[in-house]
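Here is the structure we will look at.
Every read-out reported here was derived from the displayed coordinates using simple, explicitly stated rules and does not represent laboratory data. Because the structure is a prediction, the values reported are computed rather than measured. Neighbour counts run over all protein chains shown; Cβ positions are idealised from the backbone, glycine included.
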Amino acid sequence: MSQQFYATSIFDQLKQDCAEQWRAYCYHDFVEEIGTGTLPIESFRYYLEQDYIFLIHFSRAWALAVFKSQSVADMQWATEILHSTMNTEMSLHVKFSERFGVSQEQLENTREAQGNLAYTRYVLDKALAGDILDLYVALMPCVVGYAEIGNRLILEYDSGMSQNPYREWIEMYASEEYQALAIKSINVLERIARARGALARIDDLKETFRAATALEEGFWEICYDPDGTD
């Protein structure tokens, strides 16, 4: 039974089990309109504002991953993602936001939308109440989903990319660096899953992954229709 379970990665198992939620997240209208460059500017501006707040909480989650890791290698990896999030992604978001008329001061004073709060607190709850495996499973939809979205959009909408106002955002998540980060995260998850007896906990882990993926879709929703939130 164990050999059958590990015939594919745990990430593949989790993703396959919530295929409907995963597709709704990765192929959401918000994502497709980023790809075509037709997303209303106000929706992307609102996304940047909310995502800045999200990245603050996401960084806290990775800081907890450092704390909960049981090996130096896993601590180093969580630290690397924490550093990347705080010093690369957040910096790029500030630059993007300035380009779209939103200052860093405005970002820092953004009022957190309910859907954003629900998602970030769900992940932090998994970090605080569970172990390192619970936390990684809750984080993977964001880490790997963005890599999948970026890679697909840059291939599927390549012909219009030069005129796409969101090109830099797409290129960031389609970049070799981000793709490598996502792959490494899956590999680390696999190692932790084996060490933490994922097979005996698979039902709970699937529910965590499904919930986090649905909350990712919900995040697009609040940004796609900012006037309808809160």
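Details
- Cα Rg, Dmax, segment 12-225, angstrom units: 16.7, 50
- Note, ³J(HN,Hα) from phi for segment 66-76, Karplus 6.51, -1.76, 1.60, rounded to Hz, x at Gly and Pro: 4, 4, 8, 5, 10, 9, 4, 4, 5, 5, 5
- Gly130 long-range amide H proximity, modeled H, under 5 Å: none
- By the Kirkwood approach, averaging reciprocal distances over each pair of separate Cα atoms, segment 98-213 gets a hydrodynamic radius of 16.4 Å.
- If R0 equals 41 Å, the separation of the Cβ atoms of Asp158 and Ala63 corresponds to a calculated FRET efficiency of about 0.65.
- Counting only aspartates and glutamates at least 8 places from Lys95 when in the same chain, those with an alpha carbon closer than 18 Å to its own are Glu42, Glu49, Asp51, Glu105, Glu108, Glu168, Glu171.
- Spherically averaged projected area of segment 1-106 from its Cα convex hull (nm²): 9.3 nm²
- With the simple spin-label model, which puts each label point 7 Å out from Cα in the Cβ direction, the Leu117 to Asp12 separation comes to 4.1 nm.
- For the chain: relative contact order, % (alpha-carbon pairs under 8 angstrom, 6 or more apart): 36 percent
- Qualifying lysines (Cα of each under 20 Å from Cα of Lys15; at least 8 residues distant if same chain): Lys126, Lys184, Lys206
- Helix-only CD estimate at 222 nm, as mean residue ellipticity for the chain, using -39500 (n - 2.57) per DSSP H run (n ≥ 4): -24500 deg cm²/dmol
- Sequence of Ile53, Ile81, Ile41 once ranked by neighbouring C-beta atoms within 10 Å, starting from the fewest: Ile41, Ile53, Ile81
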